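The values are calculated or read from the model by the stated rules, or taken from the named source; none is laboratory data. Being a predicted model, the structure only gives us computed values, none of them experimental. Cβ atoms come from the backbone with ideal geometry, glycine included; neighbour counts cover every protein chain shown.
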Amino acid sequence: MSYVKGLKCRECGREYHVDPIYVCEFCFGPLEVVYDYDGIKKALTREVISSRPQNLWRYKELLPIEGEPSTALDTGYTPLVKADNLARHLGIKSLYIKDDTVAHPTLSFKDRVVAVALAKAKEFGFDTVACASTGNLAHSVSAHGARAGFKRFIFIPASLEKSKIIASLAYEPNLIAVDGNYDEVNRLCSEVANKYRWAFVNINIRPFYAEGSKSQGYEIIEQLGWKAPDAVVVPCASGSLMTKIWKSFKEMKDVGLIEKMETRVFSAQATGCSPIVSAIKSGIDVIRPVKPDTIAKSLAIGNPADGYYATQVIKESRGYGEDVSDEEIVEAIKLMAKTEGVFAETAGGVTLASAIKLIKSGRIAKDDVTVLCVTGNGLKTQEALIGKTAEPHYIKPKLSAFEEVLEKINTVKS
Amino acid sequence: MKNRVRLTFPQHLIQEPVIFMMAKDFNIMPSIRRARVTDSIGEMVLELDGSEEDLNNGIQYLRDRGVDVELVEGDLIE
């Protein structure tokens, strides 16, 4: 049984049936899934959720699928790490890392959105899935699509380094390397999506795809003991993840799974691509597109589709945004790794580095229960750390050589 | 062919008829679907109807004038 009522334009409110469509025919506003929350409230309890397997389908009533998911790799229910070492370092009382670096088939939060998109694509009867990506989304569509038996088309700019696509190629999708700049690849994908009857996960399946991000928010609340945090810091690329985490928190309250929700939401971006944070800091809600220039490639979206809605979340929740330099990103990756044993990709560095600024400025208070959303594994962006980590101690294969180094290490530590 | 685009106007272009000039000079039919103007920036969502060549030239004209022209879907490469 599905609790989806239909699709609704976020701009003009016009309603549509559930179809693989993504934009309002009248005002070109984005479409969003709407649910029968009264029905969900009756069906979904903490006990029901707790009794289910630990993956994102435990919240299936709040996801846009019909009944049971018919495809895909299970994913989700990643750890919520109580980061006491990091909290002490930052001088705050209660800090958590929502650790999406692990427990996903392709080690990033994109597995959440792709799992939902492909389940929906199967329901719609598509035999081909597609996306335009330079990294995490390509890996995820390649992997989930292989398992679910879809034909897969992945579009990338031909200029992309080979090292970025090896992980996707292992799953043998049809990889289309387009000889053009990012604008031209974007435009081609839009034309392909409008011409071919394919499930283009982040175009015509986008309203359903984006809903998968909500599972991260549900998990945070469940893992905090059915409580909403005081503050959540979310990395922003298109802005979709942040808007969906906010939506998930509000839904948890609306369907009675929590009583109180007063979370403030904070946006994190790299200074080299910060159209959302720039708008927040300027106090305007028109997003000015930028040309990205940052090591945080997974956040490098210069014209964010949900940028405006992200600024509205910040206003509604009384949050704020911060942007950080490439150097601050690298330092934050290393800090998270050495204090909590969590190795995040560059986007995770953006989140922590932004949180540090927000704590220093007092926007996040020292006694706020704070959650950092860390969205992908550091093994995916190791090149960002080349030449910026500690060096190994090279020795000859002799005990005396080892003990010489050991003495030096102990001397430095004491 | 038809293109759905989002235009962002810097402050100095808000009072200039750049859409009219594009339509007239490049034989493009614009259909405005949404618009927002503040004192510092303007945003417009519209459909452009014309030949592929005219659309390319018209969009390039807007960019040359300083208008940001982007797909209404936002950036699709994630």
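Return yes when residue A:327 is out of contact with any strand residue (DSSP E or B) (no Cβ under 8 Å at 6 or more places or on another chain) and modelled with pLDDT of 95 or more and no when it is not.
In short, yes.
Does the range A:107-115 contain any residue that is free of Cβ contacts under 8 Å to residues at least 60 places away in the same chain and either small (Gly, Ala, Ser) or outside any helix (DSSP H, G or I) (or both)?
No, the range A:107-115 contains no residue that is free of Cβ contacts under 8 Å to residues at least 60 places away in the same chain and either small (Gly, Ala, Ser) or outside any helix (DSSP H, G or I) (or both).
Starting from residues that are part of a strand (DSSP E or B) and farther than 20 Å from residue A:285 by Cβ, keep the ones in the range B:42-68 and report whichever is nearest to the other protein chains (Cβ to nearest Cβ).
Within the range B:42-68, the match that is nearest to the other protein chains (Cβ to nearest Cβ) is B:47.
Would you confirm whether or not the range A:40-56 contains a residue that is assigned by TED's automatic domain parsing to the domain that holds residue A:168 and among the polar types (S, T, N, Q)?
No: the range A:40-56 contains no residue that is assigned by TED's automatic domain parsing to the domain that holds residue A:168 and among the polar types (S, T, N, Q).
Does the range A:265-304 hold any residues that are of a type outside the set (A, V, I, L, M) and without any contact (Cβ under 8 Å) to a residue 24 or more places away in the chain, and which are they?
Once the filter is applied, which keeps residues that are of a type outside the set (A, V, I, L, M) and without any contact (Cβ under 8 Å) to a residue 24 or more places away in the chain, the range A:265-304 yields A:282, A:283, A:288, A:289, A:291, A:292, A:293.
State which residue is nearest to the other protein chains (Cβ to nearest Cβ) when the search covers only the range A:293-325 and only residues that are surrounded by fewer than 20 Cβ atoms within 10 Å (Cβ to Cβ) and of a type in the set (Asp, Glu).
Per the stated criteria, the residue is A:293.
How about the range A:1-18: which of its residues are loosely packed, with under 15 Cβ neighbours inside 10 Å and touching a residue at least 40 places away in the same chain (Cβ under 8 Å)?
A:1
The rows are residues; the columns are (1) small (Gly, Ala, Ser); (2) crowded, with 24+ Cβ neighbours inside 10 Å; (3) within 22 Å of residue A:345 (Cβ to Cβ); (4) outside the structural domain of residue A:244 (by TED's automatic domain parsing).
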site	(1), (2), (3), (4)
A:137	no, yes, yes, yes
A:141	no, yes, yes, yes
A:172	no, no, no, yes
A:179	no, no, no, yes
A:189	no, yes, no, yes
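Can you tell me which residue within the range A:173-202, out of those that are under 20 Å from residue A:134 (Cβ atoms), at pLDDT 95 or above and assigned to a loop (DSSP other than H, G, I, E, B), is farthest from the other protein chains (Cβ to nearest Cβ)?
For the range A:173-202, the residue satisfying everything is A:173.
Tell me yes or no: at least one residue of the range A:34-43 is surrounded by 13 or more Cβ atoms within 10 Å (Cβ to Cβ), within 14 Å of another protein chain (Cβ to nearest Cβ) and closer than 24 Å to residue A:309 by Cα.
No, the range A:34-43 contains no residue that is surrounded by 13 or more Cβ atoms within 10 Å (Cβ to Cβ), within 14 Å of another protein chain (Cβ to nearest Cβ) and closer than 24 Å to residue A:309 by Cα.
Just the residues that are in a strand (DSSP E or B), surrounded by 15 or more Cβ atoms within 10 Å (Cβ to Cβ) and under 11 Å from the mean Cα position of the chain (by Cα), please, taken from the range B:2-41.
Within the range B:2-41, B:3, B:4, B:5, B:6, B:7, B:8, B:9, B:30 qualify.
Quick one: in the range A:161-170, which of the residues that are part of a loop (DSSP other than H, G, I, E, B) and surrounded by fewer than 20 Cβ atoms within 10 Å (Cβ to Cβ) is nearest to the other protein chains (Cβ to nearest Cβ)?
Ranking the candidates gives A:161 first.
Return the residues of the range A:245-264 that are within 16 Å of residue A:42 (Cα to Cα), touching a residue at least 40 places away in the same chain (Cβ under 8 Å) and touching a Gly at 6+ places or on another chain (Cβ under 9 Å); say none if nothing qualifies.
A:251
Counting just the residues of the range A:1-33 that are within 14 Å of another protein chain (Cβ to nearest Cβ) and of a type in the set (A, V, I, L, M), which one comes out nearest to residue B:2 (Cα to Cα)?
Among those residues, the one meeting the criterion is A:23.
Do we have residue A:383 as over 27 Å from residue A:92 (Cα atoms) and within 26 Å of the chain's Cα centre (by Cα) here?
yes
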